[in-house]
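Visitor: This is the structure I have questions about; it appears just below.
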4 protein chains.
Amino acid sequence: MANSKYEYVKAFERCQPDILLPNTWIVIRLDGRGFHKLTAKYEFDKPNDRRALDLMNAAAVGVMTELPDLVLAYGISDEYSFVFHKDCMLFERRAAKLITTIATTFTSYYIHLWGQYFAGTALTPPMPSFDGRAVMYPSVQNLRDYMSWRQVDCHINNLYNTTFWALIQQGGMDGTAAEKRLMGSVAADKHEILFKEFSINYNNEPEMFKKGTVLFRDYELEDPAAKPAADPELDASSQTQLPARGTPAPKGSGTLDALSGTNAPLSKTQAEKERKKRQKAKVAVEHVDVIRDEFWERRPWILSGRTGRLKQETKDGAEKAQAA
Amino acid sequence: MANSKYEYVKAFERCQPDILLPNTWIVIRLDGRGFHKLTAKYEFDKPNDRRALDLMNAAAVGVMTELPDLVLAYGISDEYSFVFHKDCMLFERRAAKLITTIATTFTSYYIHLWGQYFAGTALTPPMPSFDGRAVMYPSVQNLRDYMSWRQVDCHINNLYNTTFWALIQQGGMDGTAAEKRLMGSVAADKHEILFKEFSINYNNEPEMFKKGTVLFRDYELEDPAAKPAADPELDASSQTQLPARGTPAPKGSGTLDALSGTNAPLSKTQAEKERKKRQKAKVAVEHVDVIRDEFWERRPWILSGRTGRLKQETKDGAEKAQAA
Amino acid sequence: MANSKYEYVKAFERCQPDILLPNTWIVIRLDGRGFHKLTAKYEFDKPNDRRALDLMNAAAVGVMTELPDLVLAYGISDEYSFVFHKDCMLFERRAAKLITTIATTFTSYYIHLWGQYFAGTALTPPMPSFDGRAVMYPSVQNLRDYMSWRQVDCHINNLYNTTFWALIQQGGMDGTAAEKRLMGSVAADKHEILFKEFSINYNNEPEMFKKGTVLFRDYELEDPAAKPAADPELDASSQTQLPARGTPAPKGSGTLDALSGTNAPLSKTQAEKERKKRQKAKVAVEHVDVIRDEFWERRPWILSGRTGRLKQETKDGAEKAQAA
Amino acid sequence: MANSKYEYVKAFERCQPDILLPNTWIVIRLDGRGFHKLTAKYEFDKPNDRRALDLMNAAAVGVMTELPDLVLAYGISDEYSFVFHKDCMLFERRAAKLITTIATTFTSYYIHLWGQYFAGTALTPPMPSFDGRAVMYPSVQNLRDYMSWRQVDCHINNLYNTTFWALIQQGGMDGTAAEKRLMGSVAADKHEILFKEFSINYNNEPEMFKKGTVLFRDYELEDPAAKPAADPELDASSQTQLPARGTPAPKGSGTLDALSGTNAPLSKTQAEKERKKRQKAKVAVEHVDVIRDEFWERRPWILSGRTGRLKQETKDGAEKAQAA
């Protein structure tokens, strides 16, 4: 081939280590670049701009829809985390490919949908952009701790920001004074400032602001209490630890097996069936606690990486939110 | 802090190796994801769709404008390569950050400008997206070989595609027949098919299709022949190899020093001045040979990473193109 | 400092990604370099040289003794694998440091002890050397599958080699003929050749040759059957999956908790105590099955990373071997 | 194959990024582990133990002899750096393999030769071991700066240690007092203490202590001044920067071409011939300045990676040392 003289340069591509370790949960986290300036330029509401958050969530739904391998996503402020199951082999787990695919798909929707959420506000250069990174988590506990970390961060930041902007917008302080007032304050102090000085009950603030947004495929919730009386835990623990790979999962161990994130391999036909079912499922957009066990126990399909029971068409979003 | 219990998960982020080796040229290459389907969906012209290429170029100009650290970019088909100078320290040379910033900024412009180039054709999900990777090249020769590789690829692919689609569109063949016809053919064969059967002189095809598109900051071209009679090469070679770091560059060695990509460090004031000058320069969009020396000798600022002389305001793009 | 002009070169060291992912099992595997030539030069017995294997094992015991963080080692032929517990933070989990420390300590003992095992045979250049690599395994199952892989390899290779060398040494064949004879043969064929033609019952071959050598800290074996009747598995499974980090392990869950490799963190005093107890324990050198559960169930301290009950001084190695 | 069930674990090995970037100089640096304790245990002389340094150097000569791809090595105290030419493709440039091969070969000789340098002092556990790392340097300047960094470090440390131990051994101070005395002192102060208080002229100290030890293949020194009058630098600079890969080097450009570390590729026969010539060359063990140009100009084969003219058998080591 005529270009062989130059093609040696391809060998340099092999030197960026890229394959993410098999059997680990992959989290791709995106962060808005320079969103401080951007929020000023487009005059975002403070402390939270609902249009901006709705746009972030809509872009994330776009990503979840285009990439059925994703099992979970979580967004706060200008950041979004996307989770691939530890069994996922998409793009052979090449980090750069996974990161850029998520990041550019997200950006694509963000720009495309901007007009729907910011009607009458035209985007002008410099344009919004995002940086991203991939992190691996070996165990379910590590993954759940990651999610908890982000949700605790959301809570801490939102409580601070709500109080800070109340002091400014309703209390007439400037930024420096508000910052000084809050220095050293603990959560209870902020609750009190909000309540006593501004008649704001923080607990009544919108769930989206307090808890962030969690996305997942929207199957029928499961009821852990309804499990058969036989020791499901025993099965689960054996499954995790002792049997040779490929041993079929014992009956009745669905839920807890799921929670360990360990599965018997699927046949090709089964895998294809799963894929289709996944694409059929709607993406739920909720603002719920992901720290406690309940979230994971009622949605075992997230950690199992297997599909759940598809919801009846008649069920609507409102019901969904209540059930959580 | 209340969230310290979970914050240990941050430690897992350190394990993705990310710092690109100092003193190497960084190439970030983007590729359209699934553009085969996309070109069918939006009915791109074959073998080249000028609107689509113009959109790619416009998005790349957006990237070059937002990231003054970039010294060069080169695009063909649905791929674009962006080059950071080997001295560049942007984002501390963290790979994931560089890749995602380039990839999402490009995507942002691509979607934003779509309507200008595809008037009347609305984008619908699934949305365009791009994957990206970073490659390091230690020497100027490696970098130039990379550029040559891409431009030779452009030439080979375009000659093939031009002939293939002539056989189909004007020769009435189907794809299989055209493919069969071209199997084993060399460049001369394709030139002949085009000329004899379709009266197409390949040399008259648009430069953009034959050579791809190269972007750079548009300073006054330099004339290597006009250099002082003293041995500039001697200076250049000493500069590259022997002196302790920080030795001031000998007089008159500008051009060739530039071509080695080796520079004495700048003071903070100088660096700031350079930065401003860089932002002032227009981004040239040209379709020229980057394989031969001339391209690099007349634009020494590309390899030196230092700014050239700003063009007079009166000079326009047409002149620019001719001068190349 | 006078040398600051050159010290910038230290920055280049940051670019080799080095931190092994937390919470993964680390396996360092060493392989003899060019041991084919070495076995010829020093006339090793074929198919197995007991002196050479004893020397390998003695060097590995040296490594285990100097690095109390190691929980397990496994050797066959000229290869040795060393296992660090997934909680191990030695050298901050820096790969190059872990690999070279293990590799050079092993080499150090190998050369130092050579004379004890090859009395009268002086080492001469070129000298024995080893290459090494680090591999991470996220789950206990992955780690056990790694160990099983190596032990199955040992079995397959040893059965082949035993038959191959019987054909040569006792059957008078040359290498080519022996190879040809064995081509396409399955295990049963080789057993039959050995038995019928050379009256060798493969099952009576030395355990070291058939099973390789496994090293671990030699605590009192435990009896899984003697566990309390309450659901230990339930505890184990909850421990693995559900509770917040740091929850104290439920009573009676010792064994199975251990088998999941998940532990509550230790206080500094506890950690120091553990460390001392680990250094006190002898290193057991055994030739046992590591594929079945029994090995792991009777030695729960391997996967738990916690020390077991120290053996009585009076117990000797022979008893130890029987108990396994 | 019977073991296929477990063999999937091999896939986990691909995740340690390992290929060092082509066209970069590779430095493998070894450091003695815990040599502070070791020097106490074996009662090394302070501040320098000639036997210990000779043993380090002898081990390094062993490494250089076994690995003809190495072009240079430099040792001070308990550390040794080994340099592979940027064109070196040994082990496909896999980092772990290069590091462990160098580290274990070095260790092997260190232990093997211990008795020759420490007659009557038996090694006992814990055994000496070394850790190692690989660093890549893209340019000749970076590599030379690395070497300069180490040699400046050697000088600074040795001047400090010589003065520190003179204060203790001859001045009767204890460590704390000596340390205090030297706090804030500059080089001139230390020279004066040595000279005035202990009649030691630091300049007369052994070269090995002051400059460290540099190893290279011992070809005939070249005389840069004897080069043809034509511009060799011009050739060198063109060679480095402009021509297409594979252009034959212009005549007379040997020396400076070498200094840029850039070479036309060799044919297989040439490469084989070079290899043999390299193995024939003795390894020089010298204590010379590697910071100034002279060292590199007179030994152009180091940076060129090509062999020089083999020395006459009659020349001995003494002459060699003088010539440098």
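Visitor: Have a look at C:131, C:174 and point out the one that is modelled with pLDDT of 95 or more and within 30 Å of residue D:90 (Cβ to Cβ). It would help to see each step written out before you state the result.
Guide: Numbers: C:174 fails: within 30 Å of residue D:90 (Cβ to Cβ).
Selected residue: C:131, the only one of C:131, C:174 that is modelled with pLDDT of 95 or more and within 30 Å of residue D:90 (Cβ to Cβ).
Visitor: Further question on the same structure: Could you tell me which of the residues D:82, D:35, D:91, D:44 is touching a Lys or Arg at 6+ places or on another chain (Cβ under 9 Å) and in contact (Cβ under 8 Å) with a residue 12 or more places away in the chain?
Guide: Details: D:35 fails: touching a Lys or Arg at 6+ places or on another chain (Cβ under 9 Å); D:91 fails: in contact (Cβ under 8 Å) with a residue 12 or more places away in the chain; D:44 fails: in contact (Cβ under 8 Å) with a residue 12 or more places away in the chain.
Sole residue among the options that is touching a Lys or Arg at 6+ places or on another chain (Cβ under 9 Å) and in contact (Cβ under 8 Å) with a residue 12 or more places away in the chain: D:82.
Visitor: For the range D:47-59, how many residues are of a type in the set (Asp, Glu) and in contact (Cβ under 8 Å) with a residue 12 or more places away in the chain? I'd like the intermediate steps shown before the answer.
Guide: Applying the first criterion (of a type in the set (Asp, Glu)) to the range D:47-59 yields D:49, D:54.
Checking the rest, the ones that are also in contact (Cβ under 8 Å) with a residue 12 or more places away in the chain come to D:54.
Residues that pass the stated criteria total 1.
Visitor: Within the range B:34-70, which residues are in contact with a Phe, Trp or Tyr (Cβ under 6 Å, 6 or more places away or on another chain) and either part of a helix (DSSP H, G or I) or more than 30 Å from residue C:12 (Cα to Cα) (or both)?
Guide: Applying the first criterion (in contact with a Phe, Trp or Tyr (Cβ under 6 Å, 6 or more places away or on another chain)) to the range B:34-70 yields B:46-48, B:51-52, B:54-55, B:59-60, B:62-63, B:69-70.
Matches in the range B:34-70: B:46, B:47, B:48, B:51, B:52, B:54, B:55, B:59, B:60, B:62, B:63.
Visitor: For residue A:120, all conditions in the list (1) free of Cβ contacts under 8 Å to residues at least 12 places away in the same chain; (2) closer than 30 Å to residue A:217 by Cβ hold save one; what is the number of the exception?
Guide: It is condition (2) that residue A:120 fails.
Visitor: A follow-up question, please. One residue is enough: does the range D:214-235 have a residue meeting the conditions of a type in the set (A, V, I, L, M), modelled with pLDDT under 85, over 30 Å from the mean Cα position of the chain (by Cα) and open to solvent by 80 Å² or more (accessible area, probe 1.4 Å)?
Guide: Looking only at the range D:214-235, we keep the residues that are of a type in the set (A, V, I, L, M), and these are D:214-215, D:221, D:225-226, D:229-230, D:234.
Within this subset, residues satisfying the condition of being modelled with pLDDT under 85 are D:225-226, D:229-230, D:234.
Right, trim to over 30 Å from the mean Cα position of the chain (by Cα) and you get D:229-230, D:234.
So of that shortlist, the ones also open to solvent by 80 Å² or more (accessible area, probe 1.4 Å) come out as D:229.
Yes.
Visitor: Hey, does the range B:14-27 have a residue that's part of a helix (DSSP H, G or I) and within 14 Å of chain C (Cβ to nearest Cβ)? Walk me through how you get there before you give the answer.
Guide: Restricting attention to the range B:14-27, the residues satisfying the condition of being part of a helix (DSSP H, G or I) are B:14-15.
If we keep only those that are within 14 Å of chain C (Cβ to nearest Cβ) as well, we get B:14-15.
Within the range B:14-27, one or more residues are part of a helix (DSSP H, G or I) and within 14 Å of chain C (Cβ to nearest Cβ).
Visitor: Working only within the range D:70-79, note down all residues that are open to solvent by less than 10 Å² (accessible area, probe 1.4 Å) and touching a Gly at 6+ places or on another chain (Cβ under 9 Å). Lay out the reasoning, then the answer.
Guide: The first filter runs over the range D:70-79 and keeps only residues open to solvent by less than 10 Å² (accessible area, probe 1.4 Å), leaving D:70, D:72-75.
D:74, D:75, listed by residue number.
Visitor: Ok, one more. So which residues in the range A:101-139 are more than 8 Å from chain B (Cβ to nearest Cβ), open to solvent by less than 10 Å² (accessible area, probe 1.4 Å) and among the aliphatic types (A, V, I, L, M), if there are any at all?
Guide: Result: A:102, single match.
Visitor: When you scan the range B:192-213, how many residues do you find that are in a loop (DSSP other than H, G, I, E, B), without any contact (Cβ under 8 Å) to a residue 60 or more places away in the chain and open to solvent by less than 40 Å² (accessible area, probe 1.4 Å)?
Guide: Qualifying residue count for the region: 1.
Visitor: From the set of residues in the range D:85-100 that are of a type in the set (Lys, Arg) and at pLDDT below 95, which is farthest from residue C:108 (Cα to Cα)?
Guide: Checked the range D:85-100; the qualifying residue farthest from residue C:108 (Cα to Cα) is D:93.
Visitor: Taking the stated definitions as given, is residue A:42 over 13 Å from the mean Cα position of the chain (by Cα), open to solvent by 10 Å² or more (accessible area, probe 1.4 Å) and under 30 Å from residue B:185 (Cβ atoms)?
Guide: Values: over 13 Å from the mean Cα position of the chain (by Cα): yes; open to solvent by 10 Å² or more (accessible area, probe 1.4 Å): yes; under 30 Å from residue B:185 (Cβ atoms): no.
In short, no.
Visitor: I'd like to know if the range A:59-79 contains one or more residues that are small (Gly, Ala, Ser) and modelled with pLDDT under 95. Before the answer, list the steps.
Guide: Here is the first cut: in the range A:59-79, the residues small (Gly, Ala, Ser) are A:59-60, A:62, A:73, A:75, A:77.
When the remaining residues are screened for being modelled with pLDDT under 95, the result is none.
No, the range A:59-79 has no match at all.
Visitor: Right, next: Residues being over 23 Å from residue B:63 (Cβ atoms), modelled with pLDDT under 90 and of a type in the set (Asp, Glu): count how many of those fall in the range B:266-315.
Guide: Adding up the residues that qualify gives 1.
Visitor: Within the range D:68-100, can you find the residues that are among the small types (Gly, Ala, Ser) and more than 12 Å from chain C (Cβ to nearest Cβ)? Lay out the reasoning, then the answer.
Guide: The first filter runs over the range D:68-100 and keeps only residues among the small types (Gly, Ala, Ser), leaving D:73, D:75, D:77, D:81, D:95-96.
Answer for the range D:68-100, where residues must be among the small types (Gly, Ala, Ser) and more than 12 Å from chain C (Cβ to nearest Cβ): D:73, D:75, D:77.
Yes or no, residue by residue, for (1) open to solvent by 50 Å² or more (accessible area, probe 1.4 Å); (2) part of a helix (DSSP H, G or I); (3) at negative phi:
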position	(1), (2), (3)
C:143	no, yes, yes
C:147	no, yes, yes
C:153	no, yes, yes
C:156	no, yes, yes
C:163	no, yes, yes
C:178	no, yes, yes
C:181	yes, yes, yes
C:185	no, no, yes
C:188	yes, yes, yes
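Visitor: Being modelled with pLDDT of 85 or more, within 14 Å of chain C (Cβ to nearest Cβ) and over 14 Å from residue B:134 (Cα atoms) is the requirement here; does residue B:3 meet it?
Guide: Numbers: modelled with pLDDT of 85 or more: no; within 14 Å of chain C (Cβ to nearest Cβ): yes; over 14 Å from residue B:134 (Cα atoms): yes.
It is false that residue B:3 is modelled with pLDDT of 85 or more, within 14 Å of chain C (Cβ to nearest Cβ) and over 14 Å from residue B:134 (Cα atoms).
The values are calculated or read from the model by the stated rules, or taken from the named source; none is laboratory data. Everything quoted here is computed from the prediction, not taken from an experiment. Note that we place each Cβ from the backbone using ideal geometry, even for glycine, and neighbour counts take in every protein chain shown. We work out accessible area using only protein heavy atoms, side chains counted, and drop any ligands, DNA or RNA first. Shrake-Rupley method; radii C 1.70, N 1.55, O 1.52, S 1.80 Å.
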